[in-house]
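The values are calculated or read from the model by the stated rules, or taken from the named source; none is laboratory data. A quick note: this is a predicted structure, and the numbers were derived from the prediction, not measured. Every residue, glycine among them, receives a Cβ derived from its backbone with ideal geometry; neighbour counts consider all protein chains shown. We work out accessible area using only protein heavy atoms, side chains counted, and drop any ligands, DNA or RNA first. Shrake-Rupley method; radii C 1.70, N 1.55, O 1.52, S 1.80 Å.
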Amino acid sequence: MYCIIVSIIALAYIFWDVNYFLRVAFTIGIGRLFKKKCSIKDSTTIYGFCTTQDVDIFLRHMNNARYVRELDFARFHFYDATGIYENIKAVDGHALQGASTIRYRRTIPIFTPYKVETKLVYWEDKTLFIEQKFVTFDGFVRAIVLSRQNLINVDADTLLKNIPGAESRPECPEEIKHWLDAIEISSARLRKKD
């Protein structure tokens with residue numbers, strides 16, 4: 001019996017990223033147990049720690065791929081804490097990563113605690129724009145990320161219905177306007193190639 005259980009666990013780790021799914025469940029579970037629901041205009045925070053599994057080849061600081069992975073956990077936590085996840089599920093919709101831009105300002109050294117702050121900064125009919133910051137406990141913003149979440153089978157008005165703070169859409173930040181222009185230029189160039 002023991003060998004069967006160990007084999008099932010080993011196969012699960014071979015075929016799936018088990019730690020990813022455990023971390024998602026842990027992050028959402030902790031959020032539900034210890035944090036209250038929040039407004040769509042509030043920022044949510046999750047905490048992390050740069051371990052030996054997060055570092056790059058030089059073994060001194062977090063590698064670039066780990067930043068992006070941490071963003072998923074923070075975004076899932078934000079969706080759950082604001083009620084967005086419940087609304088997406090109710091209409092069988094999806095929010096898919098459409099684009100992201102990350103600016104690394106300073107590395108996160110190994111064995112350093114940090115937090116990821118997530119905030120919805122703007123939305124359009126079929127798109128959410130989320131800003132996320134990696135902040136170490138000295139208060140320095142180590143990296144800042146903008147992501148564009150494309151809404152599938154749901155529009156923003158339906159998605160944000162009955163969520164506190166969604167009564168009025170904020171002004172589009174200047175950096176998002178420029179970023180959208182850059183995305184459009186890139187898309188036009190790729191369409192020409194096709």
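Here region 1-191 is assigned +1 on the Cβ of each Lys and Arg and -1 on the Cβ of each Asp and Glu. Its dipole about the Cα centre then comes out at about 440 debye. Taking Leu11, Leu96, Leu59 as the candidate residues, the one with maximal mean-square fluctuation in a Gaussian network model of the chain, Cα springs under 10 Å, is Leu11.
Looking at the chain as a GNM with Cα springs under 10 Å, which of Lys161, Lys119, Lys133 has the largest mean-square fluctuation? Highest fluctuation among the options: Lys161. A straight Cα-to-Cα reach below 28 Å connects Lys35 with the lysines Lys89, Lys115, Lys119, Lys133, Lys161, residues fewer than 8 places away in its own chain not being considered. The residue among Leu96, Leu180, Val145 whose Cα reaches farthest toward the positive pole of the charge dipole of the chain, with charges on the beta-carbon of Lys, Arg, Asp and Glu, is Val145.
Ligands, DNA and RNA aside, Tyr20 has an accessible area near 40 Å² when probed at 1.4 Å. The C-alpha atoms of the chain define a longest principal axis, and helix 174-193 lies at about 90 degrees to it.
Report summary: the helix-based calculation at 222 nm, which adds -39500 (n - 2.57) for every DSSP H run with n ≥ 4 and divides by the residues of the chain, gives -13500 deg cm²/dmol. D by Stokes-Einstein for region 40-147, Kirkwood Rh over Cα pairs, 20 °C, 1.002 mPa s: 147 µm²/s. Computed over Cα pairs, the Kirkwood radius of region 1-191 leads via Stokes-Einstein (0.692 mPa s, 37 °C) to a diffusion coefficient of 180 µm² per second. Relative to the longest principal axis of the Cα atoms of the chain, helix 64-82 runs at roughly 70 degrees. In this structure region 1-191 gives 60 Å² per residue of accessible area when probed at 1.4 Å with all protein chains present. For the chain, modelled as a GNM whose springs connect Cα atoms under 10 angstrom apart, the maximal fluctuation among Val145, Val116, Val91 occurs at Val91. Principal-axis analysis of the Cα atoms of the chain puts helix 18-34 at an angle of about 70° to the longest axis. A DSSP coil position with no more than 11 other Cβ atoms inside 10 Å describes the following GluC sites (Glu not before Pro) in region 102-194: Glu167, Glu171.
The portion of the accessible surface of the chain made up by carbon and sulfur, rounded to a whole percent, is 59 (1.4 Å probe; DNA, RNA and ligands excluded). Taking Trp179, Trp16 and ordering them by how much accessible surface each has at a 1.4 Å probe, largest first, produces Trp16, Trp179.
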